Amino acid sequence: MPTLRSPRYNISIPSGTLAAGDVYYINLADIPECAREIPYNNVLLRNFSNQRLSVEYGDTKMVVGASEIFSDDSAYGTTSIKITNTSATAQDDEIYVVLQRTITADAAIVANVTGMNIHEIANGDI
C-alpha cells in the first residue's frame, strides 16, 4: 500500500528524445523506485523546450506550451504519463517531470469531516 506522502521522483527527458509527433510513455509501475507509491496525485512538468506538448495522465489531458510549467496537485490516480510532442520540430531542450504522493489540507478536512479513509481520498477513489 502506498504511503500518505512519498519522496519526490524526478524524471528527465533529454533534449532530442522526441521528434515531431513522437510519444514518450512513462509507466510508473516499471520504475522500481516509483512503483511502491502508485497511484500518484501530484504532477509537475517543466517544459524547457520550445515545443508544445500534449500531456496525459489519470483522467487528465493538457497542452503545455513552449517553456511552460504545469502543476497539478489533484492528479488523482496517476499511474502513467504520456507526453506527445505536438510541434512540427524535434524537442530542443529537456522536459522535467516531478511526481509525488501528497495529502492536501482539503483531503485531510474531507477525511476528518466525513470519516472517509484518507488513502481513498488521496487516490481519488472517493
Quiz item: So what J values fall out for segment 35-44 if you push phi through Karplus, 6.51 cos²θ - 1.76 cosθ + 1.60 with θ = phi - 60°, rounded to Hz, Gly and Pro as x?
Solution: 4, 4, 9, 4, x, 8, 9, 9, 10, 10
Quiz prompt | Carbon plus sulfur fraction of accessible area for the chain, probe 1.4 Å, in percent | solution = 50 percent
Self-check item: Under 5 Å, built H, 5+ apart or other chain: amide partners of Asn41
Solution: Gln100, Arg101, Thr102
Quiz item: Can you give the accessible area per residue of the chain, in Å², using a 1.4 Å probe?
Solution: 52 Å²
Quiz item: In sequence order, what are the phi-derived ³J(HN,Hα) couplings for segment 85-93 according to the Karplus relation 6.51 cos²θ - 1.76 cosθ + 1.60 with θ = phi - 60°, rounded to whole Hz, with x for glycine and proline?
Solution: 7, 8, 7, 8, 10, 5, 4, 10, 7
Quiz item: Could you give me the ³J(HN,Hα) list for segment 106-113, computed from phi with Karplus coefficients 6.51, -1.76, 1.60 and θ = phi - 60°, whole Hz, x at Gly and Pro?
Solution: 4, 5, 5, 5, 4, 4, 5, 6
Exercise. Lys and Arg at +1, Asp and Glu at -1: add these up for the other residues within a Cβ distance under 15 Å of Gly77 and post the number.
Key: -4
Self-check item: For segment 8-50, alpha-carbon Rg over 2.2 N^0.38 Å
Solution: 1.33
Exercise. Could you pull the Rg and Dmax for segment 79-124, using just the Cα atoms, both in Å?
Key: 17.5, 51
Quiz item: Which value, in debye to the nearest 20, gives the size of the charge dipole of the chain about its Cα centre, when Lys and Arg are +1 and Asp and Glu are -1 at the Cβ?
Solution: 100 debye
Quiz item: For the chain, with the dipole built from +1 on Lys and Arg beta-carbon atoms and -1 on Asp and Glu ones, taken about the Cα centre, which of Ala108, Pro39, Gly77 lies farthest toward the positive end?
Solution: Ala108
Quiz prompt | Restricting segment 1-89 to trypsin sites (Lys or Arg not before Pro) in coil, as DSSP defines it, with at most 15 other Cβ within 10 Å | solution = Arg5, Arg8, Arg36
Exercise. Evaluate the distance, in nm, between pseudo-label points positioned 7 Å from the Cα of Asn10 and of Lys82 along their respective Cα→Cβ axes.
Key: 2.8 nm
Quiz item: Just how many % of Cα pairs in segment 18-115 lie over 18 Å apart, if you round to the nearest whole percent?
Solution: 49 percent
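To the nearest 0.05, how large is the calculated FRET efficiency for Val98 and Lys61 if R₀ is 22 Å and r is the Cβ-Cβ distance?
For Val98 and Lys61, the calculated efficiency is 0.70.
The values are calculated or read from the model by the stated rules, or taken from the named source; none is laboratory data. These numbers come from a predicted model, not from an experiment. Ideal geometry is used to build each Cβ from the backbone, glycine not excepted, and the neighbour counts take in all protein chains shown. What goes into the accessible areas is simple: the full protein's heavy atoms, side chains included, and nothing from ligands, DNA or RNA. Shrake-Rupley method; radii C 1.70, N 1.55, O 1.52, S 1.80 Å.
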